[in-house]
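We did not get these values from a lab; they are worked out from the coordinates using the rules stated. Note that the coordinates shown come from a computational prediction; the quantities given were computed from them, not determined experimentally. A quick note on method: Cβ atoms are made from the backbone with ideal geometry, for glycine too, and the neighbour counts reach across all protein chains shown.
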Amino acid sequence: MLTDYATAAEAMALLKVRQQTLYAYVSRGWIRSVAQKGLKEKLYLREDIARVGQRSLARSGHGPVAASAMNWGEPIFVTSITEITEQGPRYCGQLAADLVNTGVAFEHVAELLWTGALPAVETNTAIWPVLPPVRELGGLTKTLAELDAGDNLLEAFAMVVLMLGMRRGPVAQRLQQGNTLAAAREIMQTLVGCCAFIGPAQAFEPLRKGQSLVDGLMQSLAMTPTSDNREALRSVLILMADHELPPGTLSARVVASTGGTLHSCLASALCATSGADVGRMYGRVEDFLGHPKSKSVLRKRVNRLHAAGQRVPGFGHPLYPKGDPRANVLLEMARARSHDSRELRAIFGFLDDLRTSDALLPRQEFAVVVLCRALGLPRQAAAALFALGRTAGWVAHVLEQRSGGSLLRPRAQFVSKPTGN
């Protein structure tokens, strides 16, 4: 089984470089490394090693360049939606953290991503009229509830989105209608109701007249409608709304480039996000945390993972070598709720120690899980909030890709398979 980390000797062999060159790659931030408790030798992340190796292949010919162009971090699109900065993502020039701090409604942020400007309104109540749930939704959501959709929530979201599209008629007809933003609002309101699959009702909960998306979420998840709870949910949705070109976003753009409908684009994004390294990363963080009574329990788990060459889930974002700013915002919210929770105090003590001893910094996945625990939400809530927030960004990328009009079709670099003896 291939491990997440390589030793220095393995890294040098894979890259065909000397020790000094490997250390130079680390100092430049190209390859992330972690210390091992009680050992001098560090471990080096294999995915970073592979990425650096692909960069060297891209020095000649269009084939190698195309083969490396879709690796994490290589700019392959020009976009006006989101810029990644040390302070976190900027949506159309506005820092996401500032949008959180100034109290902007999540619906307003969605409109910013879609149109390039915040709506000119003075109130942050709901700005979208609540649409009644479509008739066909009842049968599908009942079936999903019977199938225990809560354990496969992102796939359930994808099925609901496709159904909403199919009821609008044939593909050609839907593309001609051009009501993309209206359809996007309907989709997001419906997905909020689907979050009740993981709430006490375990059944679809439609939004009520005058409710915002955050109000609907509190209803679906049976949360007490306090200002603190509302603020926490709003912050997660805004900070998760877009982040350049992760797999889900890329999938949405690829389908959009082929002339796909909005519903097809979003369903493909949800499916691309449902894998173990994206949407199910939140579950992996949950499994790592368990229910610790002390920070030493978590420290021992880190030591075991590193000894096995495995990474700690939810740590070390390649785009934020100094730490994920989104995680910092959300963890501070969770820390403010930790005083009466032994479990949360253990988690934050562990985080503080890990930052010092291993220089490991939490990503947004870890922060969202911890905040959901502080809010008393079910295990699947973190992935649900991520997908709902990110849907706003996916819609923006679909719109931008359509305006460009180019078909996304990367080239491949052919290599012969090694022959056996």
Rounding to the nearest 10 and keeping the result within 0 to 90°, find how far the Cα-based axis of helix 381-404 lies from the longest principal axis of the chain. 90
Take the eigenvalues of the Cα gyration tensor for region 297-421, scale each by 5, and report the square roots as semi-axes in whole Å, largest first. 34, 25, 13
Taking θ = phi - 60°, what integer Hz values does the Karplus form 6.51 cos²θ - 1.76 cosθ + 1.60 yield along region 209-221, in sequence order, with x for Gly and Pro? 4, x, 7, 7, 4, 5, 4, x, 5, 4, 5, 4, 9
How big is the convex hull of the Cα atoms of region 220-342, per residue, in Å³? 156
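List the trypsin sites (Lys or Arg not before Pro) within region 205-259 that DSSP assigns to loop and that have no more than 14 neighbouring Cβ atoms inside 10 Å. Display every interim value, and only then the final one.
Working: sites: R208, K209, R230, R234, R253; in loops: R208, K209.
Sites meeting the loop and neighbour criteria: R208, K209.
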GNM result for the chain, Cα springs below 10 Å: residue of V104, V17, V395 fluctuating most strongly: V17
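Determine, for each peptide in 195-207, 367-379, the mean count of other beta carbons within 10 angstrom over its residues, then list the peptides with the highest first. Show your work: numbers first, answer last.
Details: 195-207: 20.0, 367-379: 22.8.
Per-residue Cβ counts within 10 Å, averaged per peptide and sorted highest first, yield 367-379, 195-207.
Given an 8 Å cut-off on Cα distances and at least 6 residues of separation, report the relative contact order of the chain as a percent.
In percent, rounded to a whole number, it is 20.
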Considering lysine pairs in the chain that are 8 or more places apart or on different chains, how many have Cα atoms under 19 Å apart? 6
Dimensionless Rg ratio for region 5-60, taking C-alpha atoms and the 2.2 N^0.38 Å reference: 1.09
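Given the rule -39500 (n - 2.57) for each run of at least 4 DSSP H residues, summed and divided by the residues of the chain, what is its mean residue ellipticity at 222 nm, to the nearest 500 deg cm²/dmol?
On the way: 20 runs with 227 residues, N = 421.
Calculated mean residue ellipticity at 222 nm is -16500 deg cm²/dmol.
Which peptide among 321-331, 286-296 comes first, and what is the full order, when sorted by highest mean count of other Cβ atoms within 10 Å? Write out the running numbers ahead of the final one.
On the way: 321-331: 20.4, 286-296: 15.4.
The densest-packed peptide leads the list: 321-331, 286-296.
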Checking rank on 47-53, 360-366, 220-226, with mean other Cβ inside 10 Å and highest first, the result is 360-366, 47-53, 220-226
Once you put a point 7 Å from the Cα of A117 and another 7 Å from the Cα of Q87, both along the Cβ direction, what distance in nm separates them? 2.3
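Going by how many other beta carbons lie within 10 Å of each one, how would you line up T273, T21, fewest first?
Numbers: T273 27, T21 13.
The most exposed by this proxy come first: T21, T273.
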So who's got an amide H within less than 5 Å of the one on K42, skipping anything under 5 residues away but keeping other chains? H placed 1.01 Å off N, in plane. none
Which residue, G210, F197, L233, has the largest displacement toward the positive end of the dipole of region 162-286 when charges sit on each Cβ (Lys, Arg +1; Asp, Glu -1)? G210
